[in-house]
Amino acid sequence: MSATAPPPSADAPPRRGATARRTAPSPRVWGLPLLLAAVLGGLYLYVGSQDLDRIERRSLNAEYLLSRTVQHLTLSVVVVVLILAVAIPLGILLTRPRARRFAGPVLAVANIGQATPTLGLIVLFAVVFVAWDVRTIVIVAVWLYGILPVLRNTMVGLDQVDRSMIEAARGMGMTPLRVMLSVELPLAVPVMLSGIRTALVITVGTVALATFVGAGGLGDVISNGIASSRDTVLLTGSVLVAVLALAVDWLAGLVEDLLRPRGA
Amino acid sequence: MTGFLDYTSGNVDALLQATLEHTVLVLQGLGLAVLIGLPLAALTYRARSRTAVLAVAGVFLTIPSYALFGLLITPLGLGTAPSVVALTLYAFLPVLRNAIVGLREIDPAVVESARGMGLSRLQVLLRVELPLALPVIITGLRVAAQMLLGIAAIAAAVNGPGLGNLILQGLSSAGTPFAVYLTLQGVLGIIVLAILFDLLFAALNRLTTSRGMIHV
Amino acid sequence: MSDQTTDRPMIRLVELTKTYPGRTAPAVDALSLDVPEGEIVVFVGPSGCGKTTTMKLINRLIEPTSGRILLDGEDVTHVDPDRLRRGIGYAIQQTGLFPHRTVAENIATVPKLLGWDRTRVAERVDALLHMVGLAPEEYRDLHPRQLSGGQQQRVGVARALAADPPVLLMDEPFGAIDPLTRETLQNELLRIQREIRKTIVFVTHDIDEAVKMGDRIAIFAEGGRVVQYDTPERILSEPADDFVSDFIGAGASVRRLSLTRIGDATVAEDWPTLPFSADASERAAAVAAGDHDFLLLLDDGLPVEWLPSSGGGGLPVLAPVGPDHTLYDALDTMLSNNSDVVVVTDAQGRYRGTLDLPTIQDLIHVDDAAGVPTRVSRSTSRRSGEPR
């Protein structure tokens, strides 16, 4: 029953390896943007070397491509903002004890919705709500489609936070709101971010289908290429959409790494 | 509702034809992905190169479907060919990743004892490792199938087969009473297929999980 | 029984009942109990007996169905629970440390909630780390994942003590830790408690831990009833009923041995001794005079050798027991030396007397007739904690 303080080493030594986690970006991180830049450069040189006919020139000029890119990005941003504005609060709400019983049914409905083909959803909205603005149709359809990944990951992320930790926080006198903001959400961030990243990529890709209902975006360039059988136009449209999606995914991945809480 | 049913009884042949095409298209894509993905997984699951292979497969999955179909028209023309290849590329990541994960999580002691009994490397792979990894592989197929069923609707935009054609017909007849019916047929057809595929894979999973093996 | 009172309870539970919705049987049933200021009260019992529920009723992580909770005389049954909890330290088995915050940030949680300024928080964090045996400059910026289980639990205790709350609730704090580290942490908590004199409620399912840690022990039985609330000595010597004796188990007598320090025990001083310097004739005379088989040779007061009266060479005194050893240690020494007597020394190692097997037996049973044997004294408040 001697009561002297033992040296700290009485417990196992601290695991030091975990400290040096954030290292300089590896070449792998920069590989993709370099590749994408090279692809874009190659495309520019290729298109520039071609003798473009009148039809091709109608799609392949800076003004047209820029306007479609801006349309594409605008639609995507509006959709993503709507997704986040609904899915994150809904996910938080559905993980609160009082609303938890609705979580199962909501996820079941969302899962069935996910089996709906995106093109089908956009067209269905277009033929049912004929009076709607085509951009509204695209925004609503793509928004509905992108809610699930963010909603599900918000719920999973919050649910995997250790209950005992929340109780410890409550036991120390943190208010439920404070526990939510400074314990639960920070710890759910990695899972939530990966859901948001998925939703971003899905959104940017699905907005390419806006062209089918005449709502613009870079999908127009692909459609022009198919309709006019001009491979140069088709290639340009496809490459631009692909590069945009990959770039968004890469950026989101970067943000994901940056926002991940340290130590967790 | 009655309008939809009346209309459907009128074009049930076209609907079944499109559904069959859709199914075949998805199965072709899945089949090719398995034919290429499984050997590739077997070759790389222990090698460092597996991360590179998975990264490339991940890039395909990130490319939006309309863009990938579009990119494939130039070399392959319009129709079934670019559709099948695009679906194969999309199925690649789930198939490959699950095969690699399934093979990697096998207890090394099992492999070692099989080698110790004199089985060749190939025999170990075919008789021990692949059967043990099968449930995980099938889960990958299940995920891939669900995804392909939806993406295959885009095939219609490159003159490919499948239920997407009903959706695009619905679009082009927008304003007529049939527009909604045609689109609904396409959409519901795909949802029903998704449910049937899911049931099928659930049954397969149960069949292939060896008795005495804990469900992975 | 459960409604014992003392002059100045820090925590007073009055007819506290918790019935969960949809259940008929209460999880805690009309419990009344006083926790005196500055003492460690251990709630112990089998799982599902309501001991943890009772603890959580105190900081109202679980709201009581009926009854009252008084903290330092103030009725806190209906005050703002968040404010209440900021004044009560809370440490749990899983530590509940925030993995995304550093050790220092974890410890600073409650002080920050209370609005302490930055320098005061930093000083407090370093002082606490020092107190729990972790060098501040080495540990303050680590994340919990970088610590061992024992170190995490130290940080958990430091975090619970951060705002210097008068009351500390500890829910099996050492339950998930290996036995060796657990013993270290137990001893350290006792050491810290000697300095800080908090009122501590400590939940465990381990009767040995309860006996070691508790100034008082409340034994819980199914249905959230306290069947005995008493000092460890009395619980071991006078279990209130069969449930308590079953719970204490077969080793109760042996456990009580470790409650008594030899420094507090009466030792026999009549063993024949002889200075080591005595010559052969003096030794022979002494052997002839006594009826013991061995004489004890002392060198300047230190016991060195047993001299057999049958002649032949002396045997070295292997392991004398000192004042800080317990009767348990004395018995252990006898058994391992295959001897029925052990030499007792004072703090300086000088010969004080001897202890033999019959004496130990008497010491265990003396309280059955006369009173409580001397308890290992850990805190001076212990006397006041004695049941009257």
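The values are calculated or read from the model by the stated rules, or taken from the named source; none is laboratory data. Bear in mind the structure is a predicted one, so any value in this text is a computation, not a measurement. Cβ: placed from backbone, ideal geometry, glycine included. Neighbour counts: every protein chain shown. Just so you know, the surface numbers come from the protein's heavy atoms only, side chains and all, with ligands and any DNA or RNA stripped out. Shrake-Rupley method; radii C 1.70, N 1.55, O 1.52, S 1.80 Å.
Would you calculate a helix-derived [θ] at 222 nm for chain C, using -39,500 (n - 2.57) for each DSSP H run of n ≥ 4 and dividing by the full residue count, to the nearest 500?
Details: 16 runs with 136 residues, N = 388.
After summing the helix terms and dividing by the residues of chain C, the value is -9500 deg cm²/dmol.
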| Say R0 is 45 Å: what FRET efficiency, to the nearest 0.05, do C:Arg120 and A:Trp30 get from their beta-carbon distance? | 0.50
| Over chain A, equivalent-ellipsoid semi-axes from the Cα gyration tensor in Å | 46, 27, 11
| task | Using a 1.4 angstrom probe on the protein heavy atoms only, line up C:Arg101, C:Arg256, C:Arg154 by accessible area, largest first. | result | C:Arg101, C:Arg256, C:Arg154
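Counting pairs of alpha carbon atoms under 8 Å apart in space and at least six apart in sequence, what relative contact order in percent does chain A give?
Values: 253 pairs, mean separation 63.2, N = 264.
Across chain A, relative contact order equals 24 percent.
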| remark: Computed, not fitted: 222 nm per-residue ellipticity of chain A from DSSP H runs ≥ 4 (each -39500 (n - 2.57)), nearest 500, equal to -23500 deg cm²/dmol
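Ordering C:Thr359, C:Thr345 by accessible area with a probe of 1.4 Å, largest first, what comes out? Walk me through the numbers on the way to the answer.
Working: C:Thr359 40, C:Thr345 10 Å².
Reading off the accessible areas and sorting them downward yields C:Thr359, C:Thr345.
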| Just counting partner chain Cβ atoms within 10 Å, what average do the residues of peptide B:67-78 show around their Cβ? | 6
| remark: The simple spin-label model distance between A:Leu254 and C:Ser47, using points 7 Å out along Cα→Cβ, in nm, is 5.0 nm
| said: Starting from the Kirkwood Rh over alpha-carbon pairs, what translational D in µm² s⁻¹ does the range C:263-368 have by Stokes-Einstein at 25 °C and 0.890 mPa s? | reply: 171 µm²/s
| Remind me, what semi-axes does the range B:2-208 give for its equivalent ellipsoid, largest first in whole Å, using sqrt of 5 times each Cα gyration tensor eigenvalue? | 39, 19, 11
| field | Counting DSSP beta bridges with both ends in chain C, the antiparallel % (nearest 5) | value | 60 percent
| query | At q = 0.15, 0.17 Å⁻¹, what is the log10 ratio I(q)/I(0) for the range C:78-175, with the Debye formula run over Cα points and no solvent? | reply | -0.53, -0.69
| message | As a test of reading the structure, rank C:Ser237, A:Ser59, C:Ser310 by solvent-accessible area (1.4 Å probe, protein chains only), most first. | response | C:Ser310, C:Ser237, A:Ser59
| field | Delta accessible area of at least 20 Å² on complex formation, residues of the range A:190-214, 1.4 Å probe, chain isolated as reference | value | A:Val201, A:Gly205, A:Leu209, A:Phe212
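Within 12 Å, Cβ to Cβ, of C:Ala240, how many net charges do the neighbouring residues add up to if Lys/Arg are +1 and Asp/Glu are -1? Write down the numbers at each step before the final one.
Working: positive: C:Arg225, C:Arg234; negative: C:Asp230, C:Glu238, C:Asp241, C:Asp242, C:Asp246.
Computed value for this residue: -3.
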| query | Chains B and A: what accessible area do they bury, summed, in square angstrom to the nearest 100, with a 1.4 Å probe? | reply | 2500 Å²
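Averaged per residue, what accessible area in Å² does the protein assembly as shown show with a 1.4 Å probe, protein chains only? List each step's numbers first, then the result.
Details: 39510 Å² over 868 residues.
Result: 46 Å² per residue.
How long are the semi-axes of the ellipsoid equivalent to the protein assembly as shown, from square roots of 5 times the Cα gyration tensor eigenvalues, in whole Å, largest first? Please list the in-between numbers first.
Working: eigenvalues 1143, 201, 133 Å².
Square roots of five times the eigenvalues give 76, 32, 26 Å.
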| task | Normalising by the residue count of chain C, find the relative contact order in percent from Cα pairs under 8 Å and 6+ residues apart. | result | 17 percent
| At what distance in nm do the modelled label points of B:Arg127 and B:Arg48 sit from each other, each positioned 7 Å from its Cα along Cα→Cβ? | 3.4 nm
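Give me a single rounded figure for C:190-200: the average over its residues of other chain Cβ atoms within 10 Å of their Cβ. If you can, show how the numbers build up before the last one.
Details: counts 2, 4, 2, 1, 1, 0, 0, 0, 0, 0, 0.
Mean inter-chain Cβ contacts per residue within 10 Å come to 1.
For chain B, what does the helix formula give at 222 nm: sum of -39500 (n - 2.57) over DSSP H segments with n ≥ 4, over the residue count, nearest 500 deg cm²/dmol?
Working: 9 runs with 164 residues, N = 216.
That calculation yields -26000 deg cm²/dmol at 222 nm.
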| query | Got a sec to turn the phi values of the range A:101-115 into Karplus ³J(HN,Hα) couplings, 6.51 cos²θ - 1.76 cosθ + 1.60 with θ = phi - 60°, whole Hz, x for Gly and Pro? | reply | 5, 7, 4, x, x, 4, 5, 4, 4, 4, 5, 4, x, 5, 6
| query | Can you give the extra length, in nm with one decimal, that the chain gains between C:Leu70 and C:Asp340 once fully stretched, where that is 0.36 nm per residue apart less the Cα-Cα distance? | reply | 92.0 nm
| said: Using the basic label-point model (7 angstrom from Cα toward the beta carbon), what is the B:Phe60 to C:Asp80 distance in nanometres? | reply: 6.0 nm
| field | Selected from A:Gly173, A:His72, A:Ala141, residue furthest toward positive end of dipole (chain A; charges at beta carbon) | value | A:Gly173
| query | What length, rounded to one decimal in nm, is gained on full extension from B:Leu27 through to B:Thr8, with 0.36 nm per residue of separation minus their alpha-carbon distance? | reply | 4.3 nm
| About its Cα centre, what dipole magnitude does the protein assembly as shown give when the only charges are +1 on Lys and Arg Cβ and -1 on Asp and Glu Cβ, stated in debye to the nearest 20? | 4300 debye
| remark: Averaged over residues of A:121-130, the number of beta carbons from other chains lying within 10 Å of each residue's Cβ is 6
| request: Would you please state which residues of the range A:64-91 a label at A:Asn111 would reach in this model, taking the label point 7 Å out along Cα→Cβ and a backbone N cut-off of under 19 Å? | output: A:91
| Amide H to amide H under 5 Å from C:Ser258: which residues, 5+ apart in sequence or cross-chain, H placed 1.01 Å off N in plane? | C:Tyr328
| task | Just add up the charged neighbours of B:Arg97: K/R +1, D/E -1, any other residue whose Cβ is under 11 Å from the Cβ of B:Arg97. | result | +2
| query | Once phi is turned into θ = phi - 60°, what whole-Hz ³J(HN,Hα) does the Karplus curve with 6.51, -1.76 and 1.60 give for every residue of the range B:105-119, x standing for Gly and Pro? | reply | 8, 6, 4, x, 4, 5, 5, 4, 5, 5, 4, x, 7, x, 6
| request: Heads up, I need the accessible area for C:Lys198: 1.4 angstrom probe, whole protein in place, Å², nearest 10. | output: 20 Å²
| note | Per the 1/(1 + (r/R0)^6) rule, R0 = 25 Å and r from the Cβ atoms of B:Asp107 and B:Thr208, FRET efficiency to 0.05 is 0.85
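Add +1 for every Lys or Arg and -1 for every Asp or Glu among the other residues with Cβ under 10 Å from the Cβ of A:Gly216, and state the total. The partial results should precede the final answer.
Working: positive: A:Arg68, A:Arg135; negative: A:Asp220.
Charge balance near A:Gly216 sits at +1.
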| Which of C:Pro272, C:Ser310, C:Gly353 sits farthest toward the positive end of the charge dipole of the range C:263-368, with +1 on the Cβ of Lys and Arg and -1 on the Cβ of Asp and Glu? | C:Ser310
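Over the range C:52-158, what is the relative contact order in percent, taking alpha-carbon pairs closer than 8 angstrom and at least six residues apart? Display every interim value, and only then the final one.
Numbers: 85 pairs, mean separation 28.5, N = 107.
That works out to 27 percent.
Work out the length of the dipole vector of chain A about its Cα centre, built from +1 on the beta-carbon of each Lys and Arg and -1 on the beta-carbon of each Asp and Glu, and round it to the nearest 20 debye. Each step should come with its number before you reach the end.
Details: 22 positive and 15 negative charges, 175 e Å.
The calculated dipole for chain A is roughly 840 debye.
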| query | Hey, if you drop one equal point scatterer on each alpha-carbon of the range C:215-311 and run the Debye formula without solvent, what base-10 log of I(q)/I(0) do you get at q = 0.13, 0.16 Å⁻¹? | reply | -0.63, -0.72
| request: Using packing as a proxy for protection, rank B:186-194, B:14-22 so that the peptide with the highest average count of other Cβ atoms within 10 Å comes first. | output: B:186-194, B:14-22
| message | Need one number for the range C:9-258: average projected area of the convex hull over its C-alpha atoms, nm². | response | 13.8 nm²
| said: Assuming 0.36 nm per residue, please report the length gained on full extension of the stretch C:Asp242 to C:Lys112 beyond their Cα-Cα distance. | reply: 41.9 nm
